[in-house]
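Visitor: So that we are looking at the same thing, I have put the structure below in structure tokens.
The values are calculated or read from the model by the stated rules, or taken from the named source; none is laboratory data. Computed from a predicted model, the values in this text were never measured in an experiment. So basically every Cβ, Gly included, is an ideal-geometry build from the backbone, and we count neighbours across all protein chains shown.
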Amino acid sequence: MAEDELNTQAHKKLNGGVSGTTVVKGLDEAAADRGARSSGLPPVHLWNPPYRGPIPMEIRRDGTWYYMGTPIRRKPMVRLFSSVLRRDGDAYFLVTPVEKVGINVEDVPFVVVEMRVEQEGHVQILSFRTQVGDWVVADGEHPLRMEFGDETGEPAPYIHVRSRLDGRINRAVYYDLVELGEDALVDGERQFGVWSSGVFFPFAPSDQVHA
């Protein structure tokens, strides 16, 4: 079958009226369990179904989900898939009570697209919304961190979303985050970073930022 025909079928499968259970078995059971829990997330960490191998699904660096090379445009479908995402070691899987399948993640599975700021100073609270609509508050369990590219030195801020799953903060939100930055003493060294939920998250040495 020609590649363009395969892509057309994939588009119809996930962007038309077909259920995602045609791609990952057990999604209906996972969705029911998710709806019954206050967290809104199914207990994927408790499930140990048979591994069925990888499927042609990936999450690109910009946070877009693809199936067979075609973007998945149905937001409820993407949100459902993201709710059964699990990371074991360095690999990513979609896990339901029925099966476990591997997917590819180019960078991290989530991208932060919005930030909400409450209060100021040490009691400041920073909340972040991901591309699938989840909100996470930066705190001791959901730390912010800054990474720098090996070749370019370009800063890339991340936040821990849940259960070994991280989100990369997009450029627009990153600029807003930097505006909130200040200096603080960390282990005897002055660092530039931000406060949230009573925790200071250092990004870089102050002398490098203010040079």
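Visitor: Name the residues in region 160-211 that are among the polar types (S, T, N, Q) and over 21 Å from the mean Cα position of the chain (by Cα), would you?
Guide: Across region 160-211, the qualifying residues are 191, 206, 208.
Visitor: Under the condition of being charged (D, E, K, R) and surrounded by 14 or more Cβ atoms within 10 Å (Cβ to Cβ), which residue from region 29-51 is modelled with the highest pLDDT?
Guide: Across region 29-51, the extreme among qualifying residues is 29.
Visitor: Would you check which residues across region 145-183 are in a helix (DSSP H, G or I) and of a type outside the set (Phe, Trp, Tyr) and list them? Steps first, please.
Guide: First pass over region 145-183, keeping only residues in a helix (DSSP H, G or I): 171-179.
Matches in region 145-183: 171, 172, 173, 176, 177, 178, 179.
Visitor: Oh, and also: Scan region 56-82 and report the pairs whose first residue is touching a residue at least 24 places away in the same chain (Cβ under 8 Å) and among the small types (Gly, Ala, Ser) and whose second residue is part of a loop (DSSP other than H, G, I, E, B) and buried (at least 18 other Cβ atoms within 10 Å of the Cβ), with Cβ atoms within less than 6 Å and a gap of 6+ or a chain change.
Guide: 63/131; 82/132
This table checks each residue for (1) outside any loop (DSSP other than H, G, I, E, B); (2) surrounded by 19 or more Cβ atoms within 10 Å (Cβ to Cβ).
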site: 97; (1), (2): no, yes
site: 103; (1), (2): yes, yes
site: 107; (1), (2): no, no
site: 111; (1), (2): yes, yes
site: 128; (1), (2): yes, yes
site: 132; (1), (2): no, yes
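Visitor: Would you check if residue 122 is in contact (Cβ under 8 Å) with a residue 12 or more places away in the chain, outside any loop (DSSP other than H, G, I, E, B) and crowded, with 16+ Cβ neighbours inside 10 Å? Don't jump to the end; show me each part of the working.
Guide: Values: in contact (Cβ under 8 Å) with a residue 12 or more places away in the chain: yes; outside any loop (DSSP other than H, G, I, E, B): yes; crowded, with 16+ Cβ neighbours inside 10 Å: no.
No.
Visitor: Any residue in region 79-90 that is closer than 30 Å to residue 176 by Cβ, in the same structural domain as residue 165 (by TED's automatic domain parsing), modelled with pLDDT of 95 or more and basic (Lys, Arg)?
Guide: So far as region 79-90 goes, no, none of its residues is closer than 30 Å to residue 176 by Cβ, in the same structural domain as residue 165 (by TED's automatic domain parsing), modelled with pLDDT of 95 or more and basic (Lys, Arg).
Visitor: A further question follows. Please determine whether any residue of region 181-190 is in contact with a Leu (Cβ under 9 Å, 6 or more places away or on another chain) and either at pLDDT below 95 or not assigned by TED's automatic domain parsing to the domain that holds residue 85 (or both).
Guide: No: zero hits.
Visitor: How do the pairs read when you match residues in region 164-192 that are touching a residue at least 12 places away in the same chain (Cβ under 8 Å) with residues anywhere that are exposed (fewer than 12 other Cβ atoms within 10 Å of the Cβ) and in a strand (DSSP E or B), using Cβ under 7 Å and keeping only pairs 6 or more apart or on different chains?
Guide: none
Visitor: Also, quick follow-up: Quick check on region 67-92: of everything there that is crowded, with 18+ Cβ neighbours inside 10 Å and over 15 Å from the mean Cα position of the chain (by Cα), which residue is farthest from residue 170 (Cα to Cα)?
Guide: Out of the qualifying residues, it is 68.
Visitor: Now, a different point. Could you please find all residues in region 85-119 being among the charged types (D, E, K, R) and without any contact (Cβ under 8 Å) to a residue 40 or more places away in the chain? Walk me through it before giving the result.
Guide: First, the residues of region 85-119 that are among the charged types (D, E, K, R): 86-88, 90, 99-100, 106-107, 114, 116, 118.
Those that are among the charged types (D, E, K, R) and without any contact (Cβ under 8 Å) to a residue 40 or more places away in the chain: 88, 90, 116, 118.
Visitor: For region 147-167, which residues satisfy the criterion of being β-branched (Val, Ile, Thr) and either modelled with pLDDT under 95 or loosely packed, with under 11 Cβ neighbours inside 10 Å (or both)?
Guide: Here is the first cut: in region 147-167, the residues β-branched (Val, Ile, Thr) are 152, 159, 161.
Answer for region 147-167, where residues must be β-branched (Val, Ile, Thr) and either modelled with pLDDT under 95 or loosely packed, with under 11 Cβ neighbours inside 10 Å (or both): just 152.
Visitor: Looking only at region 151-163, how many residues end up being free of Cβ contacts under 8 Å to residues at least 40 places away in the same chain and either under 19 Å from residue 123 (Cα atoms) or in the same structural domain as residue 88 (by TED's automatic domain parsing) (or both)?
Guide: 0
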